[in-house]
Structure formats: structure tokens, C-alpha cells
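K.L.:
Let me begin by handing over the structure; questions about it come next.
Every read-out reported here was derived from the displayed coordinates using simple, explicitly stated rules and does not represent laboratory data. Only a predicted model underlies this, so the values are computations on that prediction, with no experimental measurement involved. Cβ placement follows ideal geometry from the backbone for every residue including glycine, while neighbour counts extend to all protein chains displayed.
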Amino acid sequence: MTTYTPDPRDSSSLQSSFQPAPAWSATDLALRSFLLRVFNTMAGGLVVTGVVAYVAAASGLYAAIAGTPLLWVVMLAPVGLALLLGFGIERMSPAAAQVAFWSYAALMGVSLAGIFLIYTGTSIARVFFVSAGAFAATAAWGYTTRTDLSRFGSFLFMGLIGIVLASVINLFFASSAVQFAISVIGVLVFTGLTAYDTQRLKEMYASRSDADARSRTAIMGALMLYLDFINLFISLLQLFGTRRE
């Protein structure tokens, strides 16, 4: 049997035998570093929220304010802080934006402490890991897909507005059927928003040139993805969480 040995003098045989691995461009590496910063900040915010929620529930703080007007302050304060970040972040320094984000995560922890009084710890942990897996897979798809997801933005935004309005109306009717429908739609909407926002972050990064602007964009991106995850988690918890007896 005859074997073929490439002739070292034959440049074509060398090129066909040894193909160099493609190198990432500086732009790709910078984008990956930016997105890593965004996801790390988001994950840190979730840790802060989880710890504060558990402490507020275990210490009795949430139960103490649940029947008082302070509950409305706790519920509405994160909304106000989110609006402040959304509309005022361009006028903030990166340090101020960081403080606002971590404060928001802590306030959300207090407002979400009630889930530890309603659902069992085991079901909360189970739904959290399911949510994390779904979120990670959807975000990865949003980052890698070549499909332009911007055309779905209006549809997803309309779905989000519909969820908010239906949730407010259902506060007065307390219909379990309506709540079930809201949760199902919420899973679909916030899964879609995870992919949409991840892809949008690439465009937001490309439109920023200086370091401070990109730092603020990283905080805003972390807030966007944080909200997607929290709402996905709450929707799944309402569907599959085991309530305490």
C-alpha cells in the first residue's frame, strides 16, 4: 500500500494540510467583553435580590409591612427607580448608574420577599433553575441568530403592555383563570424579550464610542435582562410553584 507524504517544498500541500484557526477580531473580543460585563452585572443583581428577599422574609420584615401603607412604597419604589434609570441614565455618571442599579436590585428583593411566604423553598429553587436554563438558552440564541428580531419588538412591547394592564385589572377581580392566562403569556413575552434585548445590546454597543457611554449602556443592558429574567421567573413560579399549606 502506498501512502502519500506531503513534500515540504510543495507549498500547496502544506496549505491544504495545515489551515490556521480563525482569530477573533478586536471588535469581536471587545463586544464579548462588554456582554460578559452585562451578564455578570445582571447576575450580581439577581444575587442581591435573592439574598434581600430571603432575609426580609425570614426576619419578619416583609410580614411586618405587608398590612401597612409601607407595602405600596416597597412595591412602587422599584418602578420609580427603574424609570429613573431608563430615562435619566444618559445624564448619570457610571458610578451613579451603578448605585441606582444595585439599589433597585435591593428594593426588588424586599418587594419579592412575599414569594417565600407563599411558595415552598424547594419549588422556588426548582423554578429558578428552570428559568435560568431557559434564559441562558434564549439569550444565546438571540446573540448568535442571524434573524433580525427588531421586527418583533412592537409585538413584544404590545404584549408587555397587555400583561401590565391585565395584571392591574385582575387585582380587583382576583380571577385565577385570568392570572393563569397572564402567566402563560408572560412566559412567551419575556422569553421573546430576552432574545430581542440580547440582540439589541449588540447594536447599542456598536452605537457607543467612549468608555463612559459604554459603561452606562452596560448598566442599562443589565437592567433590561434583569427585568426579563425576574418576570420570566415570576410567570413560571405562578404556573408551576408549589404553594405552602
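K.L.:
With unit charges on the beta carbon (Lys/Arg positive, Asp/Glu negative), name the residue among Gly109, Gly153, Ser175 whose Cα is farthest towards the positive pole of the charge dipole of the chain.
P.N.:
About the Cα centre, the residue reaching furthest to the positive side is Ser175.
K.L.:
For the chain, what relative contact order do you get, as a whole percent, if you take Cα pairs closer than 8 Å and at least 6 residues apart?
P.N.:
Averaging sequence separation for qualifying contacts and normalising by length gives 29 percent for the chain.
K.L.:
Under 1.5 on a/c is rounded, so check that first for the range 131-170, then, if it is not, pick prolate when a/b is larger than b/c and oblate when it is not; a ≥ b ≥ c are the square roots of the alpha carbon gyration tensor eigenvalues. Can you show the working numbers first?
P.N.:
Values: a/c = 6.73, a/b = 1.63, b/c = 4.14.
It comes out oblate by the Cα gyration axes.
K.L.:
Arrange Val189, Val74 by Cβ neighbour counts within 10 Å, fewest through most, would you?
P.N.:
Val74, Val189
K.L.:
So if R0 is 25 Å, what FRET efficiency would Ile161 and Phe128 give, r being the distance between their Cβ atoms, rounded to the nearest 0.05?
P.N.:
My answer for the efficiency is 0.40.
K.L.:
Among Thr242, Thr49, which comes first, then next, by fewest other beta-carbon atoms within 10 Å?
P.N.:
Listing Thr242, Thr49 from fewest to most nearby Cβ atoms yields Thr242, Thr49.
K.L.:
Something else: Multiply the residue gap between Ala140 and Asp212 by 0.36 nm, knock off their C-alpha separation, and tell me the result in nm, one decimal place.
P.N.:
23.3 nm
K.L.:
Further question: Can you put Val51, Val168, Val38 in order of Cβ neighbours within 10 angstrom, beginning with the fewest?
P.N.:
Lowest to highest Cβ neighbour count: Val168, Val51, Val38.
K.L.:
Set the Förster distance to 35 Å, then compute FRET efficiency between Phe180 and Ser33 from the Cβ-Cβ distance, nearest 0.05.
P.N.:
For Phe180 and Ser33, the calculated efficiency is 0.25.
K.L.:
Please label the shape of the range 27-127 as rounded, prolate or oblate, based on the square roots a ≥ b ≥ c of the eigenvalues of the alpha-carbon gyration tensor (a/c under 1.5 means rounded; beyond that, a/b larger than b/c means prolate, else oblate).
P.N.:
Numbers: a/c = 3.24, a/b = 1.53, b/c = 2.12.
It comes out oblate by the Cα gyration axes.
K.L.:
Then there is this: Please give the helix 211-240 orientation as an angle from the longest Cα principal axis of the chain, in degrees from 0 to 90, rounded to the nearest 10.
P.N.:
Helix 211-240 and the main axis of the chain meet at about 60 degrees.
K.L.:
If I stretch the segment between Leu239 and Ala66 completely, what's the gain in nm (0.36 nm per residue apart, minus their alpha carbon distance), one decimal?
P.N.:
Extending this stretch completely gives an extra 59.9 nm.
K.L.:
Out of Ile118, Ile89, Ile219, any idea which swings most in a Gaussian network model of the chain, alpha carbons joined below 10 Å?
P.N.:
Checking each option, the largest mean-square fluctuation is seen for Ile118.
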